[in-house]
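Colleague: I have a structure I would like to understand better, so I am pasting it below and will then ask my questions one at a time.
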Amino acid sequence: MNIPKDLYYTESHEWVRVEDGVAYVGITDYAQDSLGEIVFIELPEENDQLTQFSEFAAIESVKAASDLNAPLSGVVLAINEELEDNPELLNEDPYENWIIKIEIEDDTEINKLLNAEEYANVCE
Amino acid sequence: MYYDKLIFEISTEGRKGYTLPTPEIKRYDLPETLLRDDCPGLPEVSELDVVRHYTNVSFKNFGIEKGFYPLGSCTMKYNPKINQDMSNLPGFTSIHPYQPIETMQGLLHVYYETQRMLSEISGLDTFTLNSYAGAHGELVGLMIMKAYHESRGDFKRKKVIVPDSAHGTNPASATVAGLESVEVKSNKDGTVNVNDLKAVLDDEVAGIMLTNPNTAGIFEKDILTIAKLVHDAGGLLYYDGANLNPLLGIARPGDMGFDIMHINLHKTFSTPHGGGGPGSGPVGVNKKLVKFLPKPVIEKHEEGYTIDYDGDALTIGQISHFYGNAGVYLKAYTYLLTIGKENLPNVARYSTLNANYIKESLKDVYHLPIEGVCKHEFVFDGLKDKSTGVKTLDIAKRLLDFDMHPPTVYFPLTFKEAIMIEPPENESKQTIDRFIDVMRSIAKEAIENPEKVKGAPYNTVVKRLDEALAARNPIVKYKDLLEQ
Amino acid sequence: MHKYLPHTHEDIKAMLEKIGVNDIDALFAEIPKALLNKDIDIPSSMSELEIFDHMNHLASSNKPLIPFIGAGAYDHYTPSIIRHLIERQEFLTAYTPYQPEISQGTLQYIFEFQSMITQLTGMDVSNASMYDGATATAEAMFMACAQRRKDKILVSQTVNPNIVEVIKTYARYKGIEVVMVAEKEGITDLESVRLTLDSETAGLIVQTPNFYGNIENYSEFKATLDEHKALFIINQDPSTLGHLKTPRAWGADIAVGDCQTLGVPLSFGGPYIGYMATTTKYMRKMPGRICGVTKDTDGKRAFVLTLQAREQHIRREKANSNICSNQSLLALFVTIYMALLGKKGVYEVQQRSIDNAHYLEEALLKLPSFEKVYPQPFFKEFTLRTHLDIDTMLKKLEEKGYLGPLPLRRYANDKTDLVTFAVTEKRSKKQIDEFVSILGGLS
């Protein structure tokens, strides 16, 4: 299972990359593997206000459905529209294909996220 | 030759498949403003076109009359022809639901007697036949559960306890009825863990939903203890009738302490599944819950049967437009008369005998996770030899090549490679022995030539399908195909 | 030995030996003794001959009447071949199409059904059918509430009261508030919609032709609802869609109704079949089965259940609906019906209903005992005021073999002298004339 060292994680299998006050959010390799062939993603809208650990999107595979939870609070700066037409990109490379960008509201929330090592334990 | 045409693809302009009498009444034109400005794109075909088309389409299906159908939890028993003939009598099919009561006493008798016989068989007081399907019955049963607590001013009881081995419909029904499902882990054999149950029983529990025997075919031997615990906590017991077959004439959910249940007439009482309906999901309740049953209510009096459209003041309300699927309960009624009191226990006994026989005959090559006696069905967890990489899905698909319907697969979710086998009572030893032979030959083939099994099926009209393609790019009508 | 139970003594003995127990009862040993062997009061097994007699007796103790009533169950013509085809064992005895390789028959006709329903309604996508029109309408309410994340629904007073009852039952337990919208001159009052609508409203449910038979006009409804992002749900008899403007043309987000009117026999109220169709936008919120097209590993066109992530067996407690199956065999029934009638027949057959209904209305209005109530156009069902004693009228008609109109007194205190007639293409001029002359004799 691929768990890059430089990212933060949630117990519900989202990853976060923090760059200059902006958080890129996606699903982990473990998540895409458990879901199987991803067929649809329901994205939020730009400027939606998200709260840490609350639902912001829904993802569907052939045999499963799952809600995605926001790792951090903040406003949605951008959504990855390419995923609407090609949700299978999340299977192909889950870390390259971010789902949303959030403007981080509160840096201290990052402390509630997991590092790669802690997340690896969750996946066991 | 594989027939792959859609009815639209054999349409020829100008053809028709119906006749009407010569008009005797002058034409009346509706106001233009209310009319559609195009013509619905329905096909134009002759009667023979239609007959040939649907006959050829039918050849692409697998019915019970073709071969063995051991689908776990679905009870695919033989659908007797006499049931069909009786339900088709014009004296039943031509009756409008709002006819005067005295002109439909025969139908009301069938309704009343069917629900009465179900009460006798299940040990519950009264049934409604108004619910259309198993899931519909669950919803109605849970509405009754909620209404009961609310009628006592107990509004905080919202929790419905559901074992993790339960079908997904149970938690979905709870949500739709405005309740919350709470999952409890089951023992390895799928039975309720009494200690875990105790931990979740509090004054917010509305009730528990159980199938008994459970989805692994194991009878809940602590059922009397469970019933007492739930009742003492103020909750009610709901019986999901999916697995009633092995208890017919043997033991009754009502006596076990269940307060509410639904029965699937299309499972236990031989009415056809019809490729996914129409079914019928009668709901039975014990005495203290009768007044919550949905309206209308069919009643028996000395002078005959009547329909009470308003029901009791405490009724959950109306849940169907009329009185349920009469065409279905007419078939179940005919079946009950045919089987009769003396044969009913043999339905339970022979289905249980068949299941145990298959289990013992195959457990050396398939992994049996729960040892011991089962009821009418049981679960294998894939092949015993896992080294071949052959999965349950492959075994199911390979069975298709031998003209057998596969068992239920990947359910219950508590076993990763679940194969759930239910051989109904009307299957003979010869049929069952052939199934055992085929299952053994597949296990052997999995070792000798695993790729062969993984590539199955070979003899079906289509091979394995790309389900992801269908979901990513939904083509859900003929017009989508044309536009592609 | 019974004809449905094939095991001989030898079979049983051999099977028990394999299992390693002495008798079948040993297989039930874990069941607490206190639960076993209760006496059950059901009849003894009957032979076929006895059952024929018994059932024929029961069937003949029902008295079929010639209906001039509808109210959700209409006496339409059923082409003879439909029953022969749907009773082919391949269709009748098959399970739900979970194994697509051996269920292409079921899946194909579901696809054809969806195609025909979308053609009739003008909507983008239809599911594989629902239990009946009333439950389909209640499910449409769930869908609207889930989509809008609101828990208030408006329902027009002109919707069939039985459908309203079902909506209210479903709503009550789910915690949805149902607000009735007033009628005006026998159709939904747009002004009342405007007054009732607010930002908490998930949608509006209307019916056309409505409970009184009147055809509703939904000009401006969509724009009004859009102001509050409320969904527009139209319940429409599909047999009227050869003629009438489609739900899509009125701007409906969800179309529902009962396909009983597509030739399904009256059968004491069931089995019937509901339909539900929506726009692409809401496709993934729709309950029930949906069949789609895909390819097999050889690239051959094939059909498969799709978008299953919506459904209860995957979503479990998060599902918007608990519906599992559909009315599959009835979907085949109406698919064959629509194929036989085709694009011309669906119009021509219902034109006869329209002609017959208007002929009857004209004749009744010539009698002194009936008068017009609503100034609205109607299809095959219409409501009149009568000065006759309704019970006497119904009794008299029954004696002559007719099932009279539906009295509205049961549904509304201000409609005690109103009755609703329905006339289909099946009624001959002779029957209508006789029906009128019986009523004329009472005046």
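The values are calculated or read from the model by the stated rules, or taken from the named source; none is laboratory data. Remember, it's a predicted structure, so these values are computed and weren't measured experimentally. Positions of Cβ are backbone-derived with ideal geometry, glycine not excepted, and every protein chain shown enters the neighbour counts.
Colleague: Based on what the data block shows, is B:Asp433 facing another protein chain (nearest Cβ under 10 Å) and more than 29 Å from B:Asp189 (Cα to Cα)?
Modeller: No: the conditions fail for B:Asp433.
Colleague: So which residues in segment A:19-32 are in contact with a strand residue (DSSP E or B) (Cβ under 7 Å, 6 or more places away or on another chain) and at negative phi?
Modeller: Going through segment A:19-32, the residues in contact with a strand residue (DSSP E or B) (Cβ under 7 Å, 6 or more places away or on another chain) turn out to be A:21-28, A:32.
Matches in segment A:19-32: A:Val22, A:Ala23, A:Tyr24, A:Val25, A:Gly26, A:Ile27, A:Thr28, A:Gln32.
Colleague: Run B:Pro424 past the list (1) within 24 Å of B:Ile218 (Cα to Cα); (2) not in a loop (DSSP other than H, G, I, E, B) and report the number of the one that doesn't hold.
Modeller: Checking B:Pro424 against (1) within 24 Å of B:Ile218 (Cα to Cα); (2) not in a loop (DSSP other than H, G, I, E, B), the one that fails is (2).
Colleague: Here's a check for you: in segment B:219-241, which residue that is at pLDDT below 95 and of a type outside the set (Lys, Arg) is farthest from B:Ile421 (Cα to Cα)?
Modeller: Checked segment B:219-241; the qualifying residue farthest from B:Ile421 (Cα to Cα) is B:Asp222.
Colleague: Just to verify a result, which residue in segment C:203-223, among those that are part of a loop (DSSP other than H, G, I, E, B) and charged (D, E, K, R), is nearest to C:Thr240 (Cα to Cα)?
Modeller: Checking each candidate, the answer is C:Glu216.
Colleague: Let me ask something else about it. When segment C:267-281 is examined, which residues are found to be polar (S, T, N, Q) and surrounded by 24 or more Cβ atoms within 10 Å (Cβ to Cβ)?
Modeller: C:Ser267, C:Thr278, listed by residue number.
Colleague: Enumerate the strands (runs of 3 or more DSSP E) found wholly within segment B:244-325, keeping only those where 2 or more residues are touching a residue at least 24 places away in the same chain (Cβ under 8 Å) and surrounded by fewer than 24 Cβ atoms within 10 Å (Cβ to Cβ).
Modeller: Here the list reads B:297-301, B:304-308.
Colleague: Just the residues that are among the aliphatic types (A, V, I, L, M) and out of contact with any Asp or Glu (no Cβ under 7 Å at 6 or more places or on another chain), please, taken from segment B:161-184.
Modeller: Residues of segment B:161-184 that are among the aliphatic types (A, V, I, L, M), as a first pass: B:161-162, B:166, B:172, B:174, B:176-177, B:179, B:182, B:184.
Correct list: B:Ile161, B:Ala166, B:Val176, B:Ala177, B:Leu179, B:Val182.
Colleague: So which residues in segment B:340-392 are outside any helix (DSSP H, G or I) and of a type in the set (Asp, Glu)? Don't jump to the end; show me each part of the working.
Modeller: Step one: of segment B:340-392, the residues outside any helix (DSSP H, G or I) are B:363-385, B:389-391.
Result: B:Asp364, B:Glu371, B:Glu377, B:Asp381, B:Asp385.
Here's the yes/no breakdown for (1) closer than 26 Å to C:Pro100 by Cβ; (2) without any contact (Cβ under 8 Å) to a residue 60 or more places away in the chain:
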{"residue": "B:Tyr366", "(1), (2)": "yes, no"}
{"residue": "B:Lys375", "(1), (2)": "no, no"}
{"residue": "B:Asp381", "(1), (2)": "yes, yes"}
{"residue": "B:Asp385", "(1), (2)": "no, no"}
{"residue": "B:Leu393", "(1), (2)": "yes, yes"}
{"residue": "B:Leu399", "(1), (2)": "yes, yes"}
{"residue": "B:Met420", "(1), (2)": "yes, no"}
{"residue": "B:Thr431", "(1), (2)": "yes, no"}
{"residue": "B:Arg434", "(1), (2)": "yes, no"}
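Colleague: Among the candidates C:Ala26, C:Ala94, which residue alone is surrounded by 13 or more Cβ atoms within 10 Å (Cβ to Cβ), at the interface with chain B (Cβ under 7 Å from one of its Cβ atoms) and either in contact (Cβ under 8 Å) with a residue 40 or more places away in the chain or small (Gly, Ala, Ser) (or both)?
Modeller: Going through C:Ala26, C:Ala94 in turn, the sole match is C:Ala94.
Colleague: Also, I was wondering about something else. Within segment C:183-196, is even one residue within 14 Å of another protein chain (Cβ to nearest Cβ) and within 15 Å of C:Phe221 (Cβ to Cβ)?
Modeller: Yes: segment C:183-196 contains one or more residues that are within 14 Å of another protein chain (Cβ to nearest Cβ) and within 15 Å of C:Phe221 (Cβ to Cβ).
Colleague: Of the conditions (1) buried (at least 22 other Cβ atoms within 10 Å of the Cβ); (2) within 7 Å of chain B (Cβ to nearest Cβ); (3) part of a loop (DSSP other than H, G, I, E, B), C:Thr118 fails just one. Which one is it?
Modeller: The failed condition is (3).
Colleague: Looking at segment A:69-124 only, could you name the residues that are under 20 Å from A:Ala31 (Cβ atoms) and of a type in the set (D, E, K, R)?
Modeller: Scanning segment A:69-124 gives A:Glu82, A:Glu84, A:Glu88, A:Glu92, A:Asp93, A:Glu96, A:Lys101, A:Lys112, A:Glu117, A:Glu118, A:Glu124.
Colleague: Still on this structure, I have one more. List every residue pair whose Cβ atoms lie under 8 Å apart, where the two residues are 6 or more positions apart in sequence or sit on different chains, the first residue falls within segment C:34-52 and is in a loop (DSSP other than H, G, I, E, B), and the second residue, located anywhere, is among the aromatic types (Phe, Trp, Tyr) and surrounded by 15 or more Cβ atoms within 10 Å (Cβ to Cβ).
Modeller: Correct list of pairs: C:Leu36/C:Phe28.
Colleague: Then there's this: Checking C:Lys295 against (1) farther than 30 Å from B:Leu265 by Cα; (2) in a helix (DSSP H, G or I); (3) modelled with pLDDT of 95 or more; (4) not hydroxyl-bearing (Ser, Thr, Tyr), which test does it fail?
Modeller: All conditions pass for C:Lys295, except number (2).
Colleague: Let me ask you something else. Among the candidates B:Pro31, B:Pro21, B:Pro70, B:Pro97, which residue alone is at pLDDT 95 or above and touching a Lys or Arg at 6+ places or on another chain (Cβ under 9 Å)?
Modeller: Only one candidate passes the filter, namely B:Pro21.
Colleague: Further question: How about segment C:11-33: which of its residues are farther than 15 Å from B:Leu353 by Cβ and assigned to a helix (DSSP H, G or I)?
Modeller: Residue satisfying the conditions is C:Lys33 alone.
This table checks each residue for (1) among the hydroxyl-bearing types (Ser, Thr, Tyr); (2) more than 19 Å from B:Ser280 (Cβ to Cβ).
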{"position": "B:Tyr333", "(1), (2)": "yes, no"}
{"position": "B:Gly340", "(1), (2)": "no, yes"}
{"position": "B:Asn343", "(1), (2)": "no, yes"}
{"position": "B:Ala348", "(1), (2)": "no, yes"}
{"position": "B:Ser351", "(1), (2)": "yes, yes"}
{"position": "B:Asn356", "(1), (2)": "no, yes"}
{"position": "B:Leu362", "(1), (2)": "no, yes"}
{"position": "B:His367", "(1), (2)": "no, yes"}
{"position": "B:Lys375", "(1), (2)": "no, yes"}
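Colleague: Can you find a residue in segment B:209-221 that is away from chain C (no Cβ under 11 Å) and free of Cβ contacts under 8 Å to residues at least 12 places away in the same chain?
Modeller: Looking through segment B:209-221, none of the residues is away from chain C (no Cβ under 11 Å) and free of Cβ contacts under 8 Å to residues at least 12 places away in the same chain.
Colleague: Let me ask something else about it. Could you list all residues from segment C:180-198 that are more than 19 Å from C:Met143 (Cβ to Cβ) and either touching a Pro at 6+ places or on another chain (Cβ under 6 Å) or part of a loop (DSSP other than H, G, I, E, B) (or both)?
Modeller: Selection gives C:Ala182, C:Glu185, C:Gly186, C:Asp189, C:Asp198.
Colleague: Next question. Could you tell me which of the residues B:Ser151, B:Ser186, B:Ser131 is among the hydroxyl-bearing types (Ser, Thr, Tyr) and modelled with pLDDT under 95? Working first, answer last.
Modeller: Numbers: B:Ser151 fails: modelled with pLDDT under 95; B:Ser131 fails: modelled with pLDDT under 95.
None of the others qualify; the one that does is B:Ser186.
Colleague: Still on this model: Take segment B:28-67 and flag every residue that is facing chain C (nearest Cβ under 7 Å), part of a loop (DSSP other than H, G, I, E, B) and over 26 Å from the mean Cα position of the chain (by Cα).
Modeller: B:Tyr28, B:Leu30, B:Pro31, B:Arg36, B:Cys39, B:Pro40, B:Gly41, B:Leu42, B:Pro43, B:Glu44, B:Val45
Colleague: Just give me the residues in segment B:77-97 being surrounded by 23 or more Cβ atoms within 10 Å (Cβ to Cβ), out of contact with any Gly (no Cβ under 9 Å at 6 or more places or on another chain) and closer than 26 Å to C:Arg410 by Cβ, in sequence order.
Modeller: None - no residue of segment B:77-97 is surrounded by 23 or more Cβ atoms within 10 Å (Cβ to Cβ), out of contact with any Gly (no Cβ under 9 Å at 6 or more places or on another chain) and closer than 26 Å to C:Arg410 by Cβ, so the list stays empty.
Colleague: Is there a residue being touching a residue at least 24 places away in the same chain (Cβ under 8 Å), assigned by TED's automatic domain parsing to the domain that holds C:Gly270, in a helix (DSSP H, G or I) and closer than 24 Å to B:His136 by Cβ anywhere in segment C:148-159?
Modeller: no
Colleague: Determine, yes or no, whether C:Lys245 is of a type in the set (Lys, Arg), out of contact with any Ser or Thr (no Cβ under 6 Å at 6 or more places or on another chain) and facing chain B (nearest Cβ under 10 Å).
Modeller: Yes.
Colleague: I've got another one for you. Is segment B:461-471 home to any residue that is at pLDDT 95 or above, surrounded by 17 or more Cβ atoms within 10 Å (Cβ to Cβ) and in contact with a Leu (Cβ under 8 Å, 6 or more places away or on another chain)?
Modeller: Looking for residues that are at pLDDT 95 or above, surrounded by 17 or more Cβ atoms within 10 Å (Cβ to Cβ) and in contact with a Leu (Cβ under 8 Å, 6 or more places away or on another chain), one finds none in segment B:461-471, hence no.
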